[in-house]
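The values are calculated or read from the model by the stated rules, or taken from the named source; none is laboratory data. Because the structure is a prediction, the values reported are computed rather than measured. With ideal geometry, Cβ positions are generated from the backbone for all residues, glycine too; neighbour counts draw on all protein chains shown.
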Amino acid sequence: MRASDRTRRLGEAVWAQTQCTELVVVPVGSLEQHGPHLPLDTDATIARAVADDVAAALTAAGTPTWVTPALALGSSGEHQAFPGTISIGTQALHLVIVETVRSVLTWAPRVLLVNGHGGNHDAVVGAVAQLRHEGHDVTWAPCSTPGSDAHAGRVETSLMLWLRPRSVRLELAERGCTRPLPQILPAMRDGGVAVVAPNGVLGDPAGATADEGRRLLLGMVQSVRDTAGLEGAR
């Protein structure tokens, strides 16, 4: 278990512990297919891990930070052809984010959204714009790494091997569509991921390792802190 696991999770706190909170991190995930070898909650798992480590680092540096439970259902319509996927769509996710943040900001001064699924982008950006227009202190950052494959490939497989290896079925891993994302986006918009990748994989999980996942997670945590302006947060 990683050192930051469960140390700053709001669901495990008692209310008195939260009285001096300066930042609340909300992981935004999804429940969608991730090929034949990764669990449906991969995006939520990664977003929560990044949020956990951001919160642990900021709290240790003097900025009391808590992590909410992940928003586990996202906008995943492009994966709906695969059984197991549950998508609430952009409009519903936008509303969930807005109401979640409004509630948090009745007792905490600032909120950071950590988004683990690209399909949530429009909902997250729209919700943040609305909340800022209302005068709230809220920002967001993606769980991303330069040059990563798009979905259920080596990057996500490595991350899950580090975070929750018991959930990875490496013996079932398959190469998927490896064409550049801009080339396949038009087809995906019309027919979803299944049209370009019948096995649900956009990338190639071959070569994934837990050690690579550890390094990728460190990079994501630093990227979130940089993007959200939290490097010297207090």
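Some points to look at:
- Test: residue in region 14-35 that is part of a helix (DSSP H, G or I), out of contact with any strand residue (DSSP E or B) (no Cβ under 9 Å at 6 or more places or on another chain), of a type in the set (Gly, Ala, Ser) and at pLDDT 95 or above: yes
- Counting only residues that are part of a helix (DSSP H, G or I), crowded, with 20+ Cβ neighbours inside 10 Å and over 16 Å from the mean Cα position of the chain (by Cα), region 79-111 holds 3 of them.
- Test: Val54 is in a strand (DSSP E or B), surrounded by 23 or more Cβ atoms within 10 Å (Cβ to Cβ) and either in contact with a helix residue (DSSP H, G or I) (Cβ under 8 Å, 6 or more places away or on another chain) or of a type outside the set (A, V, I, L, M, F, W, C) (or both): no
- Residues of region 112-128 that are of a type in the set (A, V, I, L, M), farther than 10 Å from Val138 by Cβ and not in a helix (DSSP H, G or I): Val114 alone.
- Applying the criterion of being over 11 Å from Val101 (Cβ atoms) and in contact (Cβ under 8 Å) with a residue 12 or more places away in the chain to the residues of region 125-139, the residue that is surrounded by the fewest Cβ atoms within 10 Å (Cβ to Cβ) is Val125.
- Matching residues, region 175-187, being surrounded by 16 or more Cβ atoms within 10 Å (Cβ to Cβ) and either in a loop (DSSP other than H, G, I, E, B) or hydroxyl-bearing (Ser, Thr, Tyr) (or both): Gly176, Cys177
- Any chance Trp66 is touching a residue at least 12 places away in the same chain (Cβ under 8 Å) and aromatic (Phe, Trp, Tyr): yes
- Subset of region 27-44 that is crowded, with 24+ Cβ neighbours inside 10 Å and under 13 Å from the mean Cα position of the chain (by Cα) - its residue that is farthest from Gly84 (Cα to Cα): Pro27
- Residue within region 188-206 that is farther than 27 Å from Gly77 by Cα, part of a loop (DSSP other than H, G, I, E, B) and either in contact (Cβ under 8 Å) with a residue 12 or more places away in the chain or among the small types (Gly, Ala, Ser) (or both) present: no
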